[in-house]
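Take a look at the structure set out below.
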Amino acid sequence: MVRAEPKTFFANERTFLSWLNMAVTLGTIASAMLGYSNKFGTEGQGALTTSLIGLILLPIAVCMVCYATYSFHKRVGIIRRFEDGPFDEVKMPIALALILIVALWVIFLTSLVSYLQGKH
């Protein structure tokens, strides 16, 4: 009987935990920003910018958790069935990276507009 190496399962778990770590970090930042904008009663454009940043980043973090969970279970199935793969996912990490780049540009531009409006 052929058996899968334990290091294969551990590598899959490490990848899953790495994705979760990044998603939790992003989600924590987004939640803190949403809490900050509401708790301290910031007004005007600053509150809008802070809330917007949180509302943009939080769904991205949730998508990252969903992708990590899906990918982990898919790879576990491949390992248990002793299939040759493919183990790599090319499209989803690139899509998440592009979404994150767009979100960061929106955050930057919103913050820049807020800063410039505050100067006048």
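Using a cutoff of 8 angstrom between alpha carbon atoms and counting only pairs six or more residues apart, the relative contact order for the chain works out to 32 percent.
Share of carbon and sulfur in the accessible area of the chain stands at 70%, probe radius 1.4 Å. Between E5 and L55, the simple spin-label model (points 7 angstrom out along Cα→Cβ) gives 4.9 nm. Positive-end ranking of A95, S18, P59 along the dipole of the range 1-116, with charges on Cβ about the Cα centre, is headed by S18. The dipole here belongs to the chain: it is taken about the Cα centre, uses +1 on the Cβ of Lys and Arg and -1 on the Cβ of Asp and Glu, and is about 160 debye.
Protection proxy ranking of 81-91, 4-14, by the mean of other Cβ atoms within 10 Å over each peptide's residues and highest first, is 4-14, 81-91. Computed per residue of the chain from DSSP H runs no shorter than four, each worth -39500 (n - 2.57), the mean residue ellipticity at 222 nm is -30000 deg cm²/dmol.
Could you point to the label whose value was computed as semi-axes √(5λ) of the Cα gyration tensor in Å for the structure here, given (i) 40, 14, 8; (ii) 27, 21, 16; (iii) 31, 18, 16? Checking each listed value against the structure points to (i). In order along the range 4-14, phi translates into HN-Hα couplings of 7, 5, x, 5, 5, 5, 5, 5, 5, 5, 4 Hz, rounded to whole numbers, per the Karplus curve 6.51 cos²θ - 1.76 cosθ + 1.60 with θ = phi - 60° and x for Gly and Pro. Cα extents for the range 58-106 along the principal axes, largest to smallest and rounded to whole angstrom: 44, 18, 7. A 1.4 Å probe run over the chain, with the rest of the protein chains in place, finds 69 Å² accessible per residue.
The values are calculated or read from the model by the stated rules, or taken from the named source; none is laboratory data. What you see is a predicted model; the values in this text were computed from it and never measured. Cβ atoms come from the backbone with ideal geometry, glycine included; neighbour counts cover every protein chain shown. Quick note on the areas: whole protein, heavy atoms, side chains included, nothing else; ligands and nucleic acids left out. Shrake-Rupley method; radii C 1.70, N 1.55, O 1.52, S 1.80 Å.
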